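Quick notes on the structure that follows.
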Amino acid sequence: RVQLVESGGGSVQAGGSLTLSCTSPGYTFSTMAWFRQGPGVKERDGVAAICTGGPHTNYAPSVTGRFTIFQDKNTAYLKMDSLRPEDTGGYYCAADWNASPTFRPTEYAYWGQGTQVTVST
């Protein structure tokens, strides 16, 4: 089964920046996305997604203007600026051949292991 490889997580002070990377081994997907799982919760919420159609992008309202998603062939990047404590959580990249940059986790069949992002005050 395809396994996406993530990197770039870490700890940062509020206002700082981090860039996450997610690489697919040998597949080029139409849609790649980043989901966040906050502390103490089980569900994963969509943060940013990109589809090769335009490209089309989709951002959660809480990160619009601060986060930017890029896709270069088999790699997706999430550039995170002006980080806030509320951004803390496990970040999981996902990929599939979807028609739009959906935030529905069930529409993504391929996932990374997750990388932890901790933003302190």
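Some observations on this one:
- The set of residues from the stretch 1-15 being at pLDDT 90 or above, part of a loop (DSSP other than H, G, I, E, B) and loosely packed, with under 12 Cβ neighbours inside 10 Å comprises just one member, Gly15.
- Scanning the stretch 100-121 for residues that are aliphatic (A, V, I, L, M) and closer than 20 Å to Tyr59 by Cβ gives Val117, Val119.
- Strands (runs of 3 or more DSSP E) within the stretch 31-118 that include 1 or more residues without any contact (Cβ under 8 Å) to a residue 12 or more places away in the chain: 67-72
- The criterion of being in contact (Cβ under 8 Å) with a residue 40 or more places away in the chain, closer than 15 Å to Thr118 by Cβ and loosely packed, with under 12 Cβ neighbours inside 10 Å does not hold for Pro25.
- Residue within the stretch 89-98 that is closer than 27 Å to Gly16 by Cα, open to solvent by 10 Å² or more (accessible area, probe 1.4 Å) and of a type in the set (A, V, I, L, M, F, W, C) present: no
- When residues of the stretch 16-30 are limited to those that are hydrophobic (A, V, I, L, M, F, W, C) and not in a loop (DSSP other than H, G, I, E, B), the one farthest from the chain's Cα centre (by Cα): Leu18
- Summed over the stretch 55-88, the residues that are within 24 Å of Lys42 (Cα to Cα), open to solvent by 50 Å² or more (accessible area, probe 1.4 Å) and among the β-branched types (Val, Ile, Thr) give a count of 1.
- Residues located in the stretch 99-121, provided they are buried (at least 19 other Cβ atoms within 10 Å of the Cβ) and in contact with a helix residue (DSSP H, G or I) (Cβ under 8 Å, 6 or more places away or on another chain): Val117, Val119
The values are calculated or read from the model by the stated rules, or taken from the named source; none is laboratory data. Not measured: the values here are computed from a predicted model. Neighbour counts are summed over all protein chains in view; Cβ atoms, including those assigned to glycine, are modelled from backbone coordinates with ideal geometry. Heads up: the accessible areas ignore ligands, DNA and RNA and are worked out on the full protein's heavy atoms, side chains in. Shrake-Rupley method; radii C 1.70, N 1.55, O 1.52, S 1.80 Å.
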